[in-house]
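Presented below is the structure to which this report refers.
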Amino acid sequence: MIPKEAPFNVMEEFLASPELKRVAFVAGLFLAAWLVGLLGRVFLHRVVRVATRHTAWRWDDALYEYGAFRWLARMLPAIVVYYGIALFLSVADDDMGAFIRNLAVCWMIVCVIAALGRALIAFESLYSATPAGKRSIKGVVQLMQLALWIVALVLVITKLTHQSIGLLLSGIGAMSAVLLLVFKDTILGFVAGIQLSTNDMLRVGDWITMASAGVDGDVVDITLHTVKVRNFDRTIVTVPTWRLIAESFQNWRGMSESGGRRIKRELFIDAAGVRFLEDEEIERFGKVHLLTGYLARKREDISRWNEALGEPGKLPVNRRRQTNIGAFRAYADAYLAAHPDVHDRMTRMVRMRDPGALGIPLEIYAFTNTVVWLDYERIQADIFDHLIAILPEFGLHPFQQPSGGDLREGFAALRASSAAAIAPGGD
């Protein structure tokens, strides 16, 4: 049988054992720390959120949204453990107590650094919502976060190993070559990000093209290491930031900000249709309101030239005459000038390029008064629809290489003529 005094003897033995008291104290301390942390999170969720909603500031909402207050609340259990152990010197002075206090300090360091990192993210989000936010600072923010975590790592190591910060930093200096190799992309990305931001070379929302990387779309994100681009085929391309400095890329922001987008396209004219205009054709074209002024000026200029020739001017080969392709070029230029969707304050011309195997290229060079892609393509198509359709009015035709149908029709006509020639009674 168990004596009645046994429970009291066990209790006395428990109270007399310092190890058991230490374990019970530590367990109770951690339970109290957990309760304090739970109460802190409840307070944060309810009270702090209500307080941030009733202020006119935006920064406190951003700090709450990105978790800065949550990380500060996570410090409360470590604070309870740190100061709770200090209440019992017998526990705090031994190795276990000192180790627990160091762990509490390390956790507080981690919470403070994490809260500062979240505050940097909140600041970046507020900055990106401003008009100047198109110049991304995400790379700089990420570098500052990396620097904060390096500081936290150094402080934690020195706290746990009881070594001086100077000694630890000297060891890191000896490993500088390895660190440079490990953080090569980070260093290159940081330098590239500083150059891109300082020179205003790239912003979120810019349309860029970079053939070597398969990039043709809008920039959606700029980070310390990469630039994310959404191509127009809806694919996402990620390019290392340093490549935008080491290689060339085309930024279309200047076009977007100018308010006009360039049309630069050639219309190939069949050279066989180029000829001089007859007098009745000049009279007929003079009734076209887009050519009236041009033909009058041209006729007067040519008349003065031919009169100055004197006797040699009687030969047609010596005289200047108007051509159908020149009249068409003047018509195309006047058509662009009168077009409501062509920018009237930017370069506009119709020029003849070097003739070649594809005919005579007439280049239309102008700017639309909009930069919207769909409108730009519509305006460009309307212009060339009209110019191609009106070419026969000037006796001109667009050059087009013969197709299979053209060859079949030609051979069929050749066979028919040959058969007619050899038939009885044929010529």
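The values are calculated or read from the model by the stated rules, or taken from the named source; none is laboratory data. Nothing here was measured: the structure is a model prediction, and the numbers come from that model. All Cβ positions, even for glycine, are placed from backbone atoms using ideal geometry, and neighbour counts span all protein chains on display.
Of all residues in segment 265-276, those that are crowded, with 16+ Cβ neighbours inside 10 Å have Cβ atoms under 7 Å from Cβ atoms of residues that are of a type in the set (G, A, S), 6 or more apart or on another chain, in F268/G359; I269/G359; G273/G395. Selection over segment 333-383 of residues that are crowded, with 18+ Cβ neighbours inside 10 Å and part of a strand (DSSP E or B) gives a count of 9. Filtering segment 231-241 to residues that are part of a loop (DSSP other than H, G, I, E, B) and exposed (fewer than 14 other Cβ atoms within 10 Å of the Cβ) leaves F232, D233, R234, T235.
Summed over segment 68-92, residues that are at pLDDT 80 or above and not in a helix (DSSP H, G or I) total 1.
From the list K287, K314, the lone residue that is without any contact (Cβ under 8 Å) to a residue 12 or more places away in the chain, exposed (fewer than 11 other Cβ atoms within 10 Å of the Cβ) and either on the phi > 0 side of the Ramachandran plot or within 53 Å of the chain's Cα centre (by Cα) (or both) is K287.
Among the residues examined, V219 qualifies as part of a strand (DSSP E or B), β-branched (V, I, T) and free of Cβ contacts under 8 Å to residues at least 24 places away in the same chain. Within segment 303-332, being farther than 19 Å from F384 by Cβ, aliphatic (A, V, I, L, M) and either touching a Leu at 6+ places or on another chain (Cβ under 6 Å) or assigned to a helix (DSSP H, G or I) (or both) holds for A308, L309, V317.
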